[in-house]
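*Asks:* The structure under discussion is supplied below as C-alpha cells; questions concerning it will follow.
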Amino acid sequence: MGQEAHVSSVFEQIGGAKAMDAAVDLFYRRVLTDDRISHFFEGVDMERQSAKQKAFLTMVCGGPNSYTGADMRKGHAHLVQRGLNDLHFDAVAEHLGGTLEELGVARPLIEQVLQAAESMRADVLNR
Amino acid sequence: MSRIRYEAQWYPLEPEESVLDGLLRQGIPVPHACKAGVCQSCLMRAASGVVPEKAQMGLKETLKARNYFLACSCRPEPGTELELAGGAEELQVPARLESMELLGEDVLRVRLRQEAPFEYRAGQYLTLLRADGLARSYSVASLPDEGTLELHVRLLPGGAMSGWLRTEARPGQAVRLQGPAGECFYVPGRPEQPLLLAGAGTGLAPLYGIVREALAAGHTAPIWLFHGAREPRGLYLVEALRELASRHPNLHYRPSVLEGRLGEGVAVGPLDALIRAECPRPVGWRAFLCGNPELVVSLRKKLFLAGLSLKDIHADAFLPSTRPPEGLGATARASDASR
C-alpha cells in the first residue's frame, strides 16, 4: 500500500471489519474469564453481546459507527446501578489493550485506541 | 439504476444508495441502528437477485447461505433487481402423516410426506399444524433428499400434539407445515474442520440430520457426536448411530447418561465433562448444540472459552410449550422437539 495522503484510522490500519471479527472473540473471552467483571456478563445473550462488543471495538478503533455519548450512558446505566465503577472500566481497558497486543497491533496504535476508550469513561460510568 | 422489490412494490435506488437508505427515503420503515454494518438490526433476506458480498460481511455462514444481508451495507450493482423476502411471507405447505413409530419409551418418530415443495436444511426446524390449528415446532431429523420428513417427538404427559400423534393420529391424515427456520445446520465447505455435535434428549433430532448431511457431503475431519440423556431409557437410535460410526471411521459417537451404571459403550456423567475429556482443545472447530436452553447456553459458553469462535457455534435451544399457541408467529420461532 502506498502512502496515504490522509491519516487513516486505526481501524483501517489494523485490517478493518475482518480484524474486528478476530478481535471480538479474543476480547470477549478475556472479559468473561476475568472475575473482576465477568459477573456483569452473566445471563446475557452471547451473540448480541458479541455484536455490541464488535461495535465497541469498531468505535474505539475509529471505524464506522454511529454511537454517541448518550448511547453509552443509556447502555450502561443499569450496570452502574449494579456497582459498575472505575476499577471495572480499568479492567475492560486492560483487556482491550491486551487483545490488540495479542493481535500484533503496534504500541502507538494501541495507545490511540486506549485514549479513545478513556474519552468515554464519564459516559460509561454515568458521571 | 438498480431497484428493489419489497412487499409487492418496486422501489428505485439512487446511484451508490444503500437498500436501507433507499427504503427509508421512500417512507418504508426498516429497523436499523448503526448503519455501519455492525449491529445487524437491518438484517433482510433476498428472495432473488445478487446480494453484494460486502452486504454479508460479518454474518454467520448459515445466514449467508440463506441469502441474508445487511440493508445498510447493501449497495447493489447498477441495473440489479433485488427481491426482498419477509418472514411473514413464509408459506404453509400441505403434508400427510406417513408413519408413527416408537424409538424409545418416550420418543416417537413421525414421518411426513410433503405435498408441495418444502425446502429445508438438515437441522432446521419447522412448525407442524394440525387441521384445527394446533401448532408445535419440531426439529427435522431427515435429509432433504430423503423424500419424507422425519421428526422426533418427545411424548409428554398431557402433551396436546404429542398425545394426539401417539394415540389418535393415523397415517394419511392431513397436516400443514410452516417454516423452516433455525440456523443450526451444516454448510458444506472446510471438510478438514473438526465438528462437535452435542445434544440432550430429542436434541438428537437435528444432530441426526446434520451428522448424516456432513458425512454425505464428504466431511473428512473427525466428527464427534455426543448424545446425553438422564437415564439409559432416554437414549435412542443407539444402534443406528453405532452402525453409522462403524461405516465412517471419522465419526465418534458418544452416548451418555447422567444417572445409571456404566454399561456397554455408554458413558456416565454430565455432557460438558465428557466433551471436555474427549475434546480438550477444540480451537478452530465447528459446533452444533441442541437441547434445553440451560444446556445450550452453558455449553456455548464453555466451548467459546475453550477456544471455539462464536461464529462457529450453531445452537438451537428447545423451548418448552407452557401455554396454548397465541398465533403461528409465536410458535414458529421456538424450536421444540420436547412437547
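The values are calculated or read from the model by the stated rules, or taken from the named source; none is laboratory data. Remember, predicted model here, so these are calculated numbers, not experimental data. Positions of Cβ are backbone-derived with ideal geometry, glycine not excepted, and every protein chain shown enters the neighbour counts.
*Asks:* What residue, of A:S50, A:S8, A:S38, A:S66, is under 20 Å from B:L308 (Cβ atoms) and free of Cβ contacts under 8 Å to residues at least 12 places away in the same chain?
*Replies:* None of the other options fit; the residue is A:S38.
*Asks:* Is there any pair with a first residue in the stretch B:278-297 that is outside any loop (DSSP other than H, G, I, E, B) and a second that is β-branched (V, I, T) whose Cβ atoms are under 6 Å apart and which are 6 or more apart or on different chains, and what are they?
*Replies:* Hits for this filter: B:A287/B:I313; B:F288/B:I210; B:L289/B:V296.
*Asks:* Collect the residues in the stretch B:46-77 that are closer than 23 Å to B:E14 by Cβ and in a strand (DSSP E or B), keeping them in residue-number order.
*Replies:* B:A46, B:A47, B:S48, B:F69, B:L70
*Asks:* If B:R113 passes every condition in (1) of a type in the set (D, E, K, R); (2) crowded, with 18+ Cβ neighbours inside 10 Å; (3) over 20 Å from B:V187 (Cα atoms) but one, which one does it miss?
*Replies:* (2)
*Asks:* Just to verify a result, which residue in the stretch B:221-255, among those that are assigned to a helix (DSSP H, G or I) and either aromatic (F, W, Y) or touching a Pro at 6+ places or on another chain (Cβ under 8 Å) (or both), is surrounded by the fewest Cβ atoms within 10 Å (Cβ to Cβ)?
*Replies:* Checked the stretch B:221-255; the qualifying residue surrounded by the fewest Cβ atoms within 10 Å (Cβ to Cβ) is B:V238.
*Asks:* Go through the residues of the stretch B:132-152 one by one and say whether even a single one is of a type in the set (D, E) and touching a residue at least 60 places away in the same chain (Cβ under 8 Å).
*Replies:* no
*Asks:* Pick out the one residue from A:V80, A:V124, A:V113, A:V105 that is more than 14 Å from chain B (Cβ to nearest Cβ) and touching a Cys at 6+ places or on another chain (Cβ under 6 Å).
*Replies:* So the residue among A:V80, A:V124, A:V113, A:V105 that is more than 14 Å from chain B (Cβ to nearest Cβ) and touching a Cys at 6+ places or on another chain (Cβ under 6 Å) is A:V113.
*Asks:* At pLDDT below 95 and surrounded by fewer than 17 Cβ atoms within 10 Å (Cβ to Cβ): does that describe B:G218?
*Replies:* So B:G218 fails the test.
*Asks:* For the stretch A:23-56, which residues satisfy the criterion of being hydrophobic (A, V, I, L, M, F, W, C) and either more than 9 Å from chain B (Cβ to nearest Cβ) or part of a loop (DSSP other than H, G, I, E, B) (or both)?
*Replies:* A:A23, A:L26, A:F27, A:V31, A:I37, A:F40, A:F41, A:V44, A:F56
*Asks:* Identify the single condition in (1) modelled with pLDDT of 95 or more; (2) more than 26 Å from the chain's Cα centre (by Cα) that B:P282 does not satisfy, given that it satisfies every other one.
*Replies:* (2)
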